[in-house]
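Only one structure is covered here, and it is reproduced in the block below.
The values are calculated or read from the model by the stated rules, or taken from the named source; none is laboratory data. Not measured: the values here are computed from a predicted model. No Cβ is skipped: glycine too gets one built from the backbone with ideal geometry, and neighbour counts run over all protein chains shown. Only protein heavy atoms, including side chains, enter the accessible area calculation; ligands, DNA and RNA are left aside. Shrake-Rupley method; radii C 1.70, N 1.55, O 1.52, S 1.80 Å.
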Amino acid sequence: MAIPFFPVNIKFTVRRSQPELVAPAKPTPREVKQLSDIDDNDAQRFQLPLVHFYPHKPSMTGKDPAQVIKRALAQTLVFYYPFAGRLREGLGRKLMVDCNAEGVIFIEADADVSLHQFGEPLQPPFPFFEELLYSVPGSEGIINCPLLLIQVTRLKCGGFIFAARINHTMSDGFGIVQFLKALAEIAQSACEPSIPPVWCRELLNARDPPRISFTHNEYDEVPDDETRSHVMVHHSFFFGPNELMAIHKMFPHHHHGPQNSTFEVLTAFIWRCRTIALQLEPDREVRLMCSNNVRGKSNSPLVPPGYYGNAFVFPAVVTTAGKLSRNSLGYALELVKKSKAMATVEYIRSVADLMVIRGRPNLVSTRSWVVSDVRRAGFRDIDFGWGKARYAGPAMAGSGDFLGTSFFIPQENAEGEEGIVVPICLPLKSMMLFIKQLENMLISKL
């Protein structure tokens with residue numbers, strides 16, 4: 001468990017109603033549906049927490065967001081009925097959904113706090129988050145537990161907080177946004193989602209016979225030799241237009257060929273600073289894994305529009321702490337580009353096959369940094385009738401027990417400038433060194 005590096009100094013109490021199960025509003029098919037071999041790996045077997053902050057909207061006065069969303073939820077589950085079911089585990093640890101319409105958990109609550117008290121810009125970690133997304137005892141498991149938990153907390157100012165916890169084996173960021181947009185459309189009186197949901201999970205299953213056709217360093221068996229005794233701290237960093245321009249200028253500039261993307265330079269910059277801050281032995285292997293989505297990957301798309309399963313892979317690049325720290329930023333950049341280029345259609349097929357052959361292993365967590373760019377997933381566009389959220393997306397760094405995942409989240413600062421929020425979790429001493437490293441490199445450029 002990580003603690004905030006700079007705790008926000010506010011106190012408030014949340015009064016919650018009893019959690020209840022919301023089932024589909026109409027009868028839905030009673031069936032068992034298998035997940036794909038891309039859904040079904042240990043790295044996805046966790047609950048992903050999300051949080052959206054919505055300001056007061058005068059034209060919505062008198063409307064209760066909790067009731068609006070709860071009603072819409074029952075109707076949305078008619079279209080997305082697998083979410084109302086429960087996961088079961090079959091032969092070879094294969095996961096499947098028992099579509100039994102048991103329902104998802106819904107909690108409504110009130111907090112004696114206003115949105116502005118959470119500070120500007122809104123960014124993880126959020127104070128008292130466990131009060132804004134109450135973990136109902138017995139609901140945290142992956143198998144035989146609700147696949148979705150939603151809490152709507154009304155605020156003193158008339159705004160509200162929408163928090164959700166989603167079983168990641170069911171959907172990736174794009175799939176979750178597709179479901180939440182359907183929920184928002186129905187909350188705003190639509191009869192059905194504008195994008196019909198598509199299951200078709202067999203599209204990302206292993207081939208028969210399965211054959212691993214790539215080296216997958218993300219699934220290497222690496223002994224876990226890290227000490228766990230240190231205090232882990234959690235902090236977010238905001239990179240606005242000035243910081244991003246300064247970071248771009250640190251990299252070699254090619255007059256011919258494609259320019260470096262913001263994702264590439266920011267990932268290379270943070271990975272190198274982070275590695276230096278960890279003060280590892282120079283010969284220690286370090287890994288970077290960039291989550292890479294297959295949607296729209298090729299002229300023959302692997303998954304159709306409306307597919308809401310997991311459709312991404314984590315191609316790993318490997319180097320040593322010494323090489324990454326001693327070489328220029330250009331060296332880190334080449335490795336980031338290499339990770340991005342690896343995610344071909346054939347690579348995805350190979351990952352699905354590896355899952356079946358090797359018994360669904362987890363990603364290497366030792367000295368790994370995983371980056372998931374959710375800037376284009378569309379979390380901020382989810383509008384339940386109260387307008388766009390002030391902050392929307394993952395509620396913290398990390399994925400389940402693994403704290404080495406960071407997200408690139410779109411966000412505006414107090415001046416209304418568009419930037420990127422990056423939540424990061426590090427041991428306390430490393431966090432202090434990381435902040436110093438960032439400041440030294442950025443102040444010289446700004």
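Quick notes on this one:
- Accessible surface of the range 1-134 [probe 1.4 Å, protein heavy atoms]: carbon and sulfur percent: 55
- Cα-based shape type of the range 355-410, given that a ≥ b ≥ c are square roots of the gyration tensor eigenvalues and the cut on a/c is 1.5: prolate
- Rounded to the nearest 20 debye, the dipole size of the chain about its Cα centre is 320 debye, using +1 on the Cβ of Lys and Arg and -1 on the Cβ of Asp and Glu.
- Cα-based shape type of the range 224-339, given that a ≥ b ≥ c are square roots of the gyration tensor eigenvalues and the cut on a/c is 1.5: oblate
- Partner aspartates and glutamates for Lys337 [C-alpha distance under 20 Å; skip if fewer than 8 residues away on the same chain]: Glu218, Glu264, Glu285, Glu346, Asp373
- Note on the chain: dipole from Cβ charges, positive end direction compared against Pro301, Leu122, Gly173; the farthest Cα belongs to Pro301.
- Surface/4 estimate of mean projected area, convex hull on alpha-carbon atoms of the range 179-265, nm²: 13.9
- Magnitude of the charge dipole for the range 266-417, about its Cα centre and with charges confined to Cβ atoms of Lys, Arg (+1) and Asp, Glu (-1), is about 320 debye.
- GluC sites (Glu not before Pro) restricted to DSSP loop in the range 201-254 with at most 16 other C-beta within 10 Å: Glu221, Glu226
- Calculated [222 nm] ellipticity per residue, helices only, for the chain: -8000 deg cm²/dmol; basis is -39500 (n - 2.57) per DSSP H run with n ≥ 4, divided by all residues, nearest 500.
- Rounded to the nearest 5, the antiparallel percentage of DSSP beta bridges internal to the chain is 75%.
- Cα→Cβ-extended label distance, 7 Å offset, between Asn9 and Glu192, nm: 5.5
- Heavy-atom accessible surface of the range 107-264, averaged per residue, reaches 45 Å², computed with a 1.4 Å probe.
- Over the range 35-146, the pair-distance histogram of Cα-Cα distances with 5 Å bins from zero comes to 2, 8, 15, 18, 18, 15, 11, 7, 4, 1, 0 percent, rounded to whole numbers.
- Counting only residues at least eight positions apart within a chain, or on another chain, the lysines with an alpha carbon under 30 Å from that of Lys94 are Lys26, Lys33, Lys181, Lys297, Lys340.
- Residues of the range 401-446: accessible area per residue with a 1.4 Å probe, Å²: 47
- Heavy-atom accessible surface of the range 204-325: percent carbon and sulfur, 1.4 Å: 52
- Shape of the range 56-212, Cα gyration tensor, a/c cut at 1.5: prolate
- Accessible area per residue for the range 270-337, computed on protein heavy atoms with a 1.4 Å probe, is 38 Å².
- Proximal lysines to Lys11, defined as alpha-carbon separation beneath 19 angstrom and excluding residues fewer than eight positions away on the same chain: Lys156
- Local charge for Arg367 was computed over the other residues whose Cβ lies under 15 Å away, with Lys and Arg +1 and Asp and Glu -1, and equals -3.
- Of Leu132, Leu155, Pro82, farthest towards positive along the dipole that unit charges on Lys, Arg, Asp, Glu beta carbons give the range 40-156: Pro82
- Rg and Dmax of the range 122-208, based on Cα coordinates, read 16.1, 57 Å.
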